[in-house]
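The structure appears below as structure tokens.
The values are calculated or read from the model by the stated rules, or taken from the named source; none is laboratory data. All values derive from a computational prediction rather than experimental measurement. Ideal geometry is used to build each Cβ from the backbone, glycine not excepted, and the neighbour counts take in all protein chains shown.
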Amino acid sequence: MPSRPRQKPVFRFAPSPNGFLHLGHALSALINQKMAQQADGRLLLRIEDIDQTRCRPDFEAEFYRDLAWIGLAWEEPVRRQSEHLADYAAALRQLEDRGLIYPAFLTRSEVKARVTEAEGDGQAWPRDPDGAPLYPADDRERGEKERRQLLSSGLRHALRLDMAKALTLVGQSLTWQETGDGETGTIAADAASWGDVILSRSDAPSSYHLSVVVDDAAQGVTHVVRGLDLYHATAVHRLLQELLGLSAPLYHHHRLILGSDGRKLSKSEGATGLAALRAAGRSPADIGRLLGL
């Protein structure tokens, strides 16, 4: 019997067009390309434009110019999240059918007020690995009758994952395989530390957590290479992969490029934008040196 051809490893670079690309994006894109070449793999480009209130076509158009300028080569067609909303809706239905999602009605200001009051009284409010306060239990514990009344009133809400129920359903210790710049090997995935994460909002039909695992599975991604700022979020992604029956890729979280304030770069820092650096006469080789590549 003839052997099957070896499936090539699949890498992806997945920026969001809510601003111009900067040096941090260049680092991630070029590391993805280098690792794909070393593994004789494929490199995909994905445009994560799920948030239509912030994402703009002009930013996306600039992405292609910037990435081509630094020497990135990717396969066509480019996957755009806004063209695959049905995929995310189907994943949400799977979770909803298993009773793992509930509507959350508290606004950010209401949650903030609750946290401020509790901490003012000397109570420690639990926070996720990024430092954000965990969502209160109010909506998770609402009775079905009250929940239906609130929904029928048209009150804006998000859809959140019932973390405790999800972890009980999975019933195993989650891990991922890591080869990056931090701790490596088999990493324990502490999804519980994130609380009841948002999976859908009124202004975005899918959260980053949900769409990224659906996209990676749909594109056959075998290696996720991204910044260390997303290291801990991998725990949520592993949980969603288990719940949705999706395979787990290998993960590689690389170092970050920091701004003058010691924090990771943001799209608002124009001095580090690739378009601005190109306009200032910098060359692709200069970018490589700035990144320490």
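Points worth noting:
- Helices (runs of 4 or more DSSP H) completely within the range 203-293 that count 1 or more residues being in the same structural domain as residue 30 (by TED's automatic domain parsing) and more than 28 Å from residue 52 (Cβ to Cβ): 274-279, 284-290
- Verdict on residue 79 being among the basic types (Lys, Arg), farther than 19 Å from residue 266 by Cα and part of a strand (DSSP E or B): yes
- Residues being surrounded by 18 or more Cβ atoms within 10 Å (Cβ to Cβ) and part of a loop (DSSP other than H, G, I, E, B) - total across the range 85-104: 1
- Of the residues making up the range 148-194, those that are of a type in the set (Ser, Thr, Tyr) and either under 30 Å from residue 257 (Cβ atoms) or in contact with a helix residue (DSSP H, G or I) (Cβ under 6 Å, 6 or more places away or on another chain) (or both) number 5.
- Positions within the range 71-89 being more than 18 Å from the chain's Cα centre (by Cα) and in contact (Cβ under 8 Å) with a residue 12 or more places away in the chain, in sequence order: 71, 72, 73, 74, 75
- Residues located in the range 34-55, provided they are modelled with pLDDT of 95 or more and either farther than 24 Å from residue 214 by Cβ or exposed (fewer than 14 other Cβ atoms within 10 Å of the Cβ) (or both): 34, 37, 38, 40
- Meets criteria (modelled with pLDDT of 95 or more, within 18 Å of the chain's Cα centre (by Cα) and within 20 Å of residue 292 (Cβ to Cβ)) for residue 28: yes
- Residue ID - farthest from residue 205 (Cα to Cα), chosen from residues in the range 105-146 that are surrounded by fewer than 16 Cβ atoms within 10 Å (Cβ to Cβ) and touching a helix residue (DSSP H, G or I) at 6+ places or on another chain (Cβ under 7 Å): 125
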